[in-house]
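Enquirer: I'd like to ask some things about the structure below.
Rule-based calculations on the coordinates, nothing more; no lab input. The shown structure was predicted, so the numbers you read here are calculated from the model rather than taken from an experiment. Cβ: placed from backbone, ideal geometry, glycine included. Neighbour counts: every protein chain shown.
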Amino acid sequence: MKIAGQWVSVADVDHALLADCREFVQELGTAPVQTRDGLGMIAVFAVAKDGLREQAVAALGGAIAALPRQRRPRETYWVDALPRTPTGKLQRNKLVDLRAAMSEHVLVD
């Protein structure tokens, strides 16, 4: 996907983030999404290891901050599991649908 005029691979973002927080995050996946204004951005969906949620949140936040600006996910969602095919491949299109479903339940003051 193109962000701020530069091509960004969400798979590369996945690998960079997981390399920095593998100790606390069981699995994660990123997906290209659009803002309300139609601009492209990245959302990350993560599964914390059992009992390590606080450490996972801190580690993922640090890993995101270490990325170049155009590669940084703008939204983070903590989930119980990532959608996968029967062969184990991440279903990024379902992450986009999951984001839409989760956004519907967010209350705005």
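Enquirer: Using just the helices of the chain, give the 222 nm mean residue ellipticity in deg cm²/dmol: DSSP H runs with n ≥ 4 each add -39,500 (n - 2.57), and the total is spread over all residues, rounded to 500.
Expert: The per-residue figure over the chain is -11500 deg cm²/dmol.
Enquirer: Where is the GNM fluctuation largest for the chain (alpha-carbon springs, 10 angstrom cutoff): GLU27, GLU75, GLU54?
Expert: So, out of GLU27, GLU75, GLU54, the one fluctuating most is GLU54.
Enquirer: Scanning the chain for trypsin sites (Lys or Arg not before Pro) in DSSP loops with at most 10 other Cβ atoms within 10 Å, what's the longest stretch left with none?
Expert: Answer - 37-88.
Enquirer: Contour minus end-to-end for ALA4 and LYS94, with contour as 0.36 nm per residue of separation and end-to-end as the Cα-Cα distance?
Expert: Between ALA4 and LYS94, full extension yields 29.9 nm more.
Enquirer: Net charge within 13 Å of THR85 by Cβ-Cβ distance, Lys/Arg positive one each and Asp/Glu negative one each, not counting THR85 itself?
Expert: In short, +4.
Enquirer: GNM, the chain, Cα, under 10 Å: largest mean-square fluctuation among THR76, THR30, THR87?
Expert: THR87
Enquirer: Still on this structure: Taking the Cα of ALA65, stepping 7 Å toward and past its beta carbon, and measuring to each backbone N in segment 6-24: which are under 18 Å?
Expert: 17-24
Enquirer: If you don't mind, there's one more thing I want to ask. Would you report the distance distribution of C-alpha pairs in segment 21-70 as whole percents per 5 angstrom bin, up to the bin with the largest distance?
Expert: In order of increasing distance, the bins hold 5, 20, 25, 22, 14, 10, 5, 1 percent.
Enquirer: Sticking with this one: Remind me, what semi-axes does segment 67-106 give for its equivalent ellipsoid, largest first in whole Å, using sqrt of 5 times each Cα gyration tensor eigenvalue?
Expert: Here the semi-axes work out to 20, 16, 9 Å.
Enquirer: Still on this structure: How large is log10 I(q)/I(0) at q = 0.16, 0.19 Å⁻¹ when the Debye formula is applied to the Cα atoms of segment 2-104, each weighted equally and without solvent?
Expert: -0.67, -0.94
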